[in-house]
Amino acid sequence: MLSSTQKAQFETQGFLVLKRFKSAGQIEDLRQRANELVEAFDPESTRSVFTTNDQVRLIDRYFLDSANQIRCFFEEAAFTVDGRLGQSKHLSINKIGHAMHDLDPVFDRFSRGPELAAVAADLGLIAPQLWQSMYIFKQPGIGGEVGWHQDATFFHSDPISVTTFWFALEDATEENGCLWVQPGGHRGPLRERFERVGDQISMRKLDATPWPDQSTALPLPVAAGTLVCFHGLLPHYSAPNRSDRSRHAYTLHATCGSSRYASSNWIQRDAKGPPLRGFD
Ligand code: FE2
């Protein structure tokens, strides 16, 4: 599936951009299903918002239980000062997470198949295990920033093996909050670990290496249908969306079944949840 040049680029740069990986029809199916999930969501059921900039303060039962369920989270800026939604429900949701790939047939179909399995294998994933899915809306005007981080912070394993699959469901531009990466930054250390003990979550600092600045950060504007794969240690972020256009994306996180998945990671699977599967 991948050429030797593409494999070499992933190794040296820590990311790979695959254009036209998903068709317009596949994207439309996923968007429509996400729309149905939001339609069915009762906004009075939670005030849970999501931001990676202040994870710990916002951890609650609704979030913890979403590890193996399908739940909607609000944009942090979705509410007015009097606590009401400042726009329609459909334009207020930050993301849906975190187990649609195992619980919803439409998401399952989008998240698996021979093409994805081949890419994962070519990137070095052995017996991949899909832990998480997220449908990210990056809403017009209020889409929140996702600060610099490494995904291995949330999916630690020994050795580190987590790989991210990021699908653009709309054109992502610098204006509507595309991904930014630090090319080659995956060769740096893991800076933080997001750890769960019981219902307590903490962010543990491991390394003081600073996050990249604008001099080494590279924007990745991509067209709808593009798949961006990146290494779990690659620093990345996305800016707020202050434009009038949304930037929908869908992400999957997979580790090698041959690496030891940390028992302190917030997402775990047990007999009560759906079975852990790969891309097949
Ligand atoms: Fe990330």
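No value in this document is a laboratory result; all are computed from the given coordinates. These numbers come from a predicted model, not from an experiment. Ideal geometry is used to build each Cβ from the backbone, glycine not excepted, and the neighbour counts take in all protein chains shown.
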Can you work out ³J(HN,Hα) from phi for every residue in segment 160-170, in order, using Karplus 6.51 cos²θ - 1.76 cosθ + 1.60 and θ = phi - 60°, giving whole Hz and x for Gly and Pro? 4, 9, 4, 10, 9, 10, 10, 9, 7, 9, 9
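If each DSSP helix of 4+ residues adds -39,500 (n - 2.57) and the sum is divided by the residues in the chain, what number results at 222 nm, nearest 500 deg cm²/dmol? If you can, show how the numbers build up before the last one.
Values: 7 runs with 55 residues, N = 280.
It lands at -5000 deg cm²/dmol.
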For segment 234-247, what does the Karplus curve 6.51 cos²θ - 1.76 cosθ + 1.60, with θ = phi - 60°, yield as ³J(HN,Hα) per residue in whole Hz, taken in order and with x for Gly and Pro? 6, x, 8, 7, 9, 6, x, 9, 9, 7, 9, 10, 6, 9
State whether segment 4-261 is rounded, prolate or oblate according to the following rule on the C-alpha gyration tensor (a ≥ b ≥ c being the square roots of its eigenvalues): a/c under 1.5 gives rounded; otherwise a/b larger than b/c gives prolate, and the remaining case gives oblate. rounded
To the nearest whole percent, what portion of all C-alpha pairs in segment 52-155 is separated by more than 15 angstrom? 71
If amide H atoms are built 1.01 Å from N in the plane of the peptide, which residues on other chains or at least 5 residues away come under 5 Å of the amide H of Phe21? Thr226, Leu227
So which residue, out of Ser92, Ser133, Ser264, gets the largest mean-square fluctuation from a GNM of the chain using Cα contacts under 10 Å as springs? Ser264
Most exposed first, judged by fewest Cβ atoms within 10 angstrom, Arg31, Arg71, Arg242 run Arg242, Arg31, Arg71
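On a 28 Å Cα-Cα criterion, which of the cross-link pairs Lys22/Lys95; Lys95/Lys205; Lys89/Lys272; Lys19/Lys138; Lys22/Lys205; Lys19/Lys95 come out too long?
Details: Lys22/Lys95 20 Å; Lys95/Lys205 26 Å; Lys89/Lys272 31 Å; Lys19/Lys138 21 Å; Lys22/Lys205 37 Å; Lys19/Lys95 24 Å.
Result: Lys89/Lys272; Lys22/Lys205 exceed 28 Å.
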With θ set to phi - 60°, apply the Karplus curve 6.51 cos²θ - 1.76 cosθ + 1.60 along segment 123-128 and write out the HN-Hα couplings as whole Hz, x wherever there is a Gly or Pro. 7, x, 6, 9, 6, x
Long-range amide H partners of Asp171, meaning residues 5 or more apart or on another chain whose placed amide H is closer than 5 Å, are Ala224
